[in-house]
1. Taking every alpha carbon pair in the chain, what does the distance histogram look like in 5 angstrom bins from 0, in percent?
2. If you take the Cα Rg of segment 8-101 and divide it by 2.2 N^0.38 Å, with N the number of residues, what do you get?
3. Residues with amide H under 5 Å of Ile90's amide H, sequence separation 5 or more or different chain, H placed in the peptide plane at 1.01 Å from N; which?
4. For segment 2-14, take each phi angle, set θ = phi - 60°, evaluate the Karplus expression 6.51 cos²θ - 1.76 cosθ + 1.60, and give the result in whole Hz per residue in order, putting x for glycine and proline.
5. Evaluate the charge dipole of segment 10-77 about its Cα centre and quote only its size in Debye, nearest 20, assuming +1 on the Cβ of each Lys and Arg and -1 on the Cβ of each Asp and Glu.
6. Could you tell me what percent of the accessible area of the chain is made up of carbon and sulfur, with a 1.4 Å probe and every protein chain present?
7. With a point put 7 Å past each Cα toward its Cβ, work out how far Ala242 is from Arg2 in nm, to one decimal.
8. Keeping all protein chains in position, work out how much accessible area Thr87 exposes to a 1.4 Å probe, and write it in Å² to the nearest 10.
Amino acid sequence: MRKTIVAGNWKLNGESSLCNAFVDAAQSFDSRATEVLICPPAVWMMLLAEGLASSSWQVGGQNIASDKSGAFTGEISASMLQAAGATYCIVGHSERREIFGESSAVVAQKVRIAIEQNLTPIVCVGENLACREAGSAEAFVETQLLESLKGIDSDKLRNVVIAYEPIWAIGTGVTASTEQAQAMHAHIRSVLSQSIDVDGELISLLYGGSVKPSNAKELLAQNDIDGALVGGASLNVEDFLAIVEAAG
Ligand code: PGA
């Protein structure tokens, strides 16, 4: 059985008041099969983790260092995040890849470190608009996926989560159509099984890119979409709860 996961990615947003609002919401939320996760800025990790400890909700990092320790000013390690309460970590988000120049080789290193520290990596892949319009989205995502998981033992990959986030849909209000999203997810699942020697049927695949209450139900009803990675709508308690409800 694959896990259904709804993860909120606050990016560079949110104050302690937002943490408190989510802690309150989580207390009155019935726990159900869906795994709910908030990825706040790292400085709020402990506050949020402590507040959510009595609920079923979890916290995750938005990024980790590609090294375990050392002279890397400004970086945060996987073990530090884990000590602060994180159980998951987003790795290779397109903003990290595009704005901070993270290559897939660096992403693979981060995936390896996350697994070693018992953090479940949510590995992001996704094409830009030019690539989609050129008809090469599937080939691009396949290469990105293979490179981002390169060198990691297939038995360890069993616990990896993949997020498909088309760059043209992130923060734009334009969502991939359910057909586009489902087709890419099915492709990712078959690449996992055929090229990486991990049973793709067991891996949770999240969709991200302008997920909101109005489109969540339809997206999450697709066979190969096992959850959502939510940016903008995760900054609003009501919207985020509506997306969690849509996941069932
Ligand atoms: P968005 O962001 O929901 O605001 O499009 C998604 C993401 O970047 O993870």
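The values are calculated or read from the model by the stated rules, or taken from the named source; none is laboratory data. None of these values were measured; they are calculated from a predicted model. With ideal geometry, Cβ positions are generated from the backbone for all residues, glycine too; neighbour counts draw on all protein chains shown. Just so you know, the surface numbers come from the protein's heavy atoms only, side chains and all, with ligands and any DNA or RNA stripped out. Shrake-Rupley method; radii C 1.70, N 1.55, O 1.52, S 1.80 Å.
1. Here the calculated profile for the chain is 1, 7, 15, 20, 21, 18, 12, 6, 1, 0.
2. 1.11
3. Close amide H contacts, sequence-distant or interchain: Gly61, Gln62, Asn63, Ile122.
4. 8, 6, 8, 10, 10, 10, x, 10, 6, 6, 8, 9, x
5. In total the dipole reaches around 100 debye.
6. In the chain, the share of accessible area belonging to carbon and sulfur is 51 percent.
7. 2.6 nm
8. Its heavy atoms expose roughly 50 Å² to the probe.
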